[in-house]
1. When N is the residue count of the chain, what does its C-alpha Rg come to as a fraction of 2.2 N^0.38 Å?
2. Hey, any idea what the orientation-averaged projected area of the convex hull of region 29-77's Cα atoms comes to, in nm²?
3. Given a cut-off of under 8 Å on Cα pairs at least six residues apart, what relative contact order in percent is computed for the chain?
4. Would you please give the FRET efficiency between residue 82 and residue 112, computed as 1/(1 + (r/R0)^6) with r the Cβ-Cβ distance and R0 = 35 Å, to the nearest 0.05?
5. So how much slack lies between residue 40 and residue 70, counting 0.36 nm per residue of separation and subtracting their Cα-Cα distance, in nm?
6. Based solely on its DSSP helices, what 222 nm [θ] is calculated for the chain when runs of n ≥ 4 H residues each add -39,500 (n - 2.57) and the sum is averaged over all residues, nearest 500 deg cm²/dmol?
7. Report the extension gain between residue 27 and residue 95 in nm, rounded to one decimal, defined as 0.36 nm multiplied by the number of residues separating them, less their alpha carbon distance.
C-alpha cells in the first residue's frame, strides 16, 4: 500500500487568502481569566443585585399596577415602557458585546472596524487586512 503525506485535517484548514497573515492559535491565559472572574463576579453581583432591588421597589410600580374594583381586580401593564426598556437593553448589550471584541482585537494589535450588516440583522466588529 502506498503512503501519502495527506492528512484529513489538511482539508479542514482553508488556504490563507493573499494579503492576510497566517492564522495563529489563540488561547486565554488561565491567570488572566481567573483574575477577571475574581473581579467581575463580585462587581456583577453588586450591580445586578442593585438592579433587582430597584426593580422590586419603584421600577415594578411603574410597570405594573393592580387595582381592586367593586367587581374584581384589574391588572395593568405599561407595555410601551416594557418595549422601550427591552429594546434599550438589547442595544446596550450589543454595543458592549462588540466593544469587548474590539478591545480584544486591539490588544493583539489589529486595526478594528465596527459596522452593521442589515442583510444579516447584525452588528459586527472586524479586523480587516
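1. Ratio of Rg to 2.2 N^0.38 Å for the chain: 1.78.
2. Over every viewing direction, the Cα hull of region 29-77 projects on average to 4.8 nm².
3. Rounded, it is 14 percent for the chain.
4. Here the calculated transfer efficiency is 0.55.
5. 5.7 nm
6. About -16000 deg cm²/dmol.
7. Contour length minus the Cα-Cα distance gives 22.1 nm.
Bear in mind that the values in this text are calculations on the coordinates, not laboratory data. This is a predicted model, so every value here is computed, not measured. All Cβ positions, glycine included, derive from the backbone under ideal geometry; neighbour counts span all protein chains shown.
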